[in-house]
1. Checking the conditions here, which among L18, L55, L48 is surrounded by 15 or more Cβ atoms within 10 Å (Cβ to Cβ) and under 13 Å from L111 (Cβ atoms)?
2. In this structure, is H124 at pLDDT 95 or above and surrounded by 19 or more Cβ atoms within 10 Å (Cβ to Cβ)?
3. Taking the criterion of being in a loop (DSSP other than H, G, I, E, B), of a type outside the set (S, T, N, Q) and within 30 Å of Q93 (Cβ to Cβ), would at least one residue in the range 212-231 satisfy it?
4. Within the range 139-162, is there a residue that is modelled with pLDDT of 80 or more, aromatic (F, W, Y) and surrounded by 15 or more Cβ atoms within 10 Å (Cβ to Cβ)?
5. Being assigned by TED's automatic domain parsing to the domain that holds S176 and under 14 Å from R185 (Cβ atoms), is that true of even one residue in the range 259-277?
6. Give the residue, chosen from A82, A73, A40, that is surrounded by fewer than 18 Cβ atoms within 10 Å (Cβ to Cβ) and either not aromatic (F, W, Y) or not assigned by TED's automatic domain parsing to the domain that holds I137 (or both).
7. Can you find a residue that is on the phi > 0 side of the Ramachandran plot and exposed (fewer than 14 other Cβ atoms within 10 Å of the Cβ) anywhere in the range 183-196?
8. Could you figure out which of (1) at pLDDT below 90; (2) surrounded by fewer than 16 Cβ atoms within 10 Å (Cβ to Cβ) isn't true of W119?
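The values are calculated or read from the model by the stated rules, or taken from the named source; none is laboratory data. Everything quoted here is computed from the prediction, not taken from an experiment. Here the Cβ positions follow ideal geometry from the backbone for every residue, glycine too, while neighbour counts run over all protein chains shown.
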Amino acid sequence: MIAGTRQIRSKGRDVQDLLRGYILSLPCIGFALFSGAFVAFTTPGGLLEAHPIWLRLAVNFGHITLFLGFSYAVLPMLFRKAFAAGWPILWVQIASYLGLSVLVAANFALLDGAALYSWTMAFHFATVLMITAISVIVGLLLFWVVALPKAGIDVTPAQLWYFRPVGDCRLQPHLSFDTRGRVLRLTAENQYVRVLTDNGEELLRMTLAEAADLVPPETGLRIHRSHWVAKDQFAALRFESGNPRLTLVDGQNLPVSRNMVEAIRDILSARSLPAHAA
């Protein structure tokens, strides 16, 4: 790996395992218990305010156990999918809790003697959803501050709420969130491949053949055993000391395999760009 170059790990599985450990950690469980106790004592929105404190505590801690169990069993897989697909983590987590929020609101409504199809039920659901959203925001903040720095996994706060789609390019899930974008060039470097996109560059631990196979074939060409280039980056084909070289739109000058010369000429001719032979 070249000094000063950022290398991305395959973080999907790492984040999945890390999140499971975080859900069972003292900060996460402690915050969950605090949230349950806070709701029990303050009864926001009138949640069970007419009932004794012991019942409110028991009901809320039961709900907390339900949320933690669901989070441990389901949330890590959702996070892994979200990181791979570019989905915003915050909204994914809140959406995953909608069903639980309805169940908890129904429990509050029944304990208060209200019908499931009533304004009381609707108000309880809105209250529970608000509390859930706040808890998710704080919980994710703790996850980012407590768990991620110790693990050294390359994720950014922008992934909390910003959507960056993967599209048809199957290479995108292997790239970090900030670097995802249209692939311009792939370069083999020992056991790695350097990926240049319109948002930056990184090194991935894979072969050039593996990386090129993940990019839509119509978008580019493997011009050399060490280089794949997007077709719209071709500028001119030249021969230097009898060896074919491809000049790119950014001025880079790359070697070309002789069996790729005609294919490159065809692409340049179709775009009415010069294909010189010096």
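1. Just one listed residue meets the conditions, L48.
2. no
3. Yes, the range 212-231 has at least one match.
4. Taking every residue of the range 139-162 in turn, at least one turns out to be modelled with pLDDT of 80 or more, aromatic (F, W, Y) and surrounded by 15 or more Cβ atoms within 10 Å (Cβ to Cβ).
5. no
6. A73
7. Among the residues of the range 183-196, at least one is on the phi > 0 side of the Ramachandran plot and exposed (fewer than 14 other Cβ atoms within 10 Å of the Cβ), which makes the answer yes.
8. Here W119 clears every test but (1).
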